[in-house]
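The structure under discussion appears below in the form of structure tokens.
The values are calculated or read from the model by the stated rules, or taken from the named source; none is laboratory data. What you are looking at is a predicted structure, and each value in this text was computed from that prediction instead of being measured. Here Cβ is always computed from backbone atoms with ideal geometry, including for glycine, and neighbour counts include all displayed protein chains.
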Amino acid sequence: MKPNIGLTPANLKKVTDILSAILADAIMVSIKTHKFHWNVSGESFMEYHKLFDTHYEKLGEAIDEIAERISKLGSMAIGTTKEFSEMSQIKEAPGKNPSSIEMVKELLKDHETIIQTLREKVDECAEKIKDAGTADFLTNLMEQHETLAWTLRRYLN
């Protein structure tokens, strides 16, 4: 049964499509963060290892919240690596293991890409789709990514 929450079926679809793409981005950056956590080496190994661990734990919580929001809005959350890969703007680099500082730069770039997308989608949800709940949800998610980006950026100053 579809929810009757003041959004048309077409707008519910638009919102869950937005959320699905955001879910895919979050999964892809989480996978990349895991990879870096597992493969970081060299100077300050433990510091980076713990940093990436903290980040993928926070991403895991956000991923669950995004998937649950999709479900609350009456759709099924995507859940295959194929779907995540196809829908995400975050790209992998198989077979490559950058230096720890390059890992930080790459993750920062990915979070900033997600932040820019979220900022755009907050406005779209609020103004065009008239879904204040999802706009608020995305704003909170954007702030979480801003915090992760800030901690990464501090390693580059």
#### Entry: Residue check for E83: at pLDDT 95 or above, in contact with a helix residue (DSSP H, G or I) (Cβ under 8 Å, 6 or more places away or on another chain) and surrounded by fewer than 17 Cβ atoms within 10 Å (Cβ to Cβ)
yes
### Summary
Within the range 90-138, the count of residues that are under 30 Å from F45 (Cβ atoms), loosely packed, with under 14 Cβ neighbours inside 10 Å and not basic (K, R) comes to 7
### Query
Within the range 56-64, is there a residue that is surrounded by 16 or more Cβ atoms within 10 Å (Cβ to Cβ), more than 11 Å from the chain's Cα centre (by Cα) and not acidic (D, E)?
no
### Query
Do you know which residues across the range 105-134 are farther than 16 Å from L59 by Cα and of a type in the set (K, R)?
K105, R119, K121, K128, K130
#### Entry: the range 120-157, residues that are over 17 Å from I70 (Cα atoms), aromatic (F, W, Y) and in contact with a helix residue (DSSP H, G or I) (Cβ under 7 Å, 6 or more places away or on another chain)
Y155
### Task
Look at S75 and say whether it is crowded, with 20+ Cβ neighbours inside 10 Å and among the hydroxyl-bearing types (S, T, Y).
no
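Yes or no, residue by residue, for (1) over 23 Å from E143 (Cα atoms); (2) without any contact (Cβ under 8 Å) to a residue 12 or more places away in the chain; (3) among the aromatic types (F, W, Y); (4) touching a His at 6+ places or on another chain (Cβ under 7 Å):
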position: A26; (1), (2), (3), (4): no, no, no, no
position: E43; (1), (2), (3), (4): yes, no, no, no
position: S71; (1), (2), (3), (4): no, yes, no, no
position: T81; (1), (2), (3), (4): yes, yes, no, no
position: K105; (1), (2), (3), (4): no, no, no, no
### Task
Spot the failing condition for T33; the list is (1) surrounded by fewer than 18 Cβ atoms within 10 Å (Cβ to Cβ); (2) in contact with a Leu (Cβ under 8 Å, 6 or more places away or on another chain), and only one is missed.
(1)
### Summary
In the range 1-53, anything of a type in the set (G, A, S) and over 23 Å from Q116 (Cβ atoms) is listed as G6, A10, S41, G42, S44
### Message
What's the number of the only condition in (1) surrounded by 18 or more Cβ atoms within 10 Å (Cβ to Cβ); (2) more than 12 Å from the chain's Cα centre (by Cα); (3) modelled with pLDDT of 95 or more that A67 fails to meet?
### Response
(2)
### Query
Condition test on K50, is it touching a residue at least 24 places away in the same chain (Cβ under 8 Å) and farther than 25 Å from G95 by Cβ?
no
### Query
Would a scan of the range 8-22 turn up a residue that is assigned to a helix (DSSP H, G or I), touching a His at 6+ places or on another chain (Cβ under 6 Å), at pLDDT 95 or above and farther than 15 Å from M87 by Cβ?
no
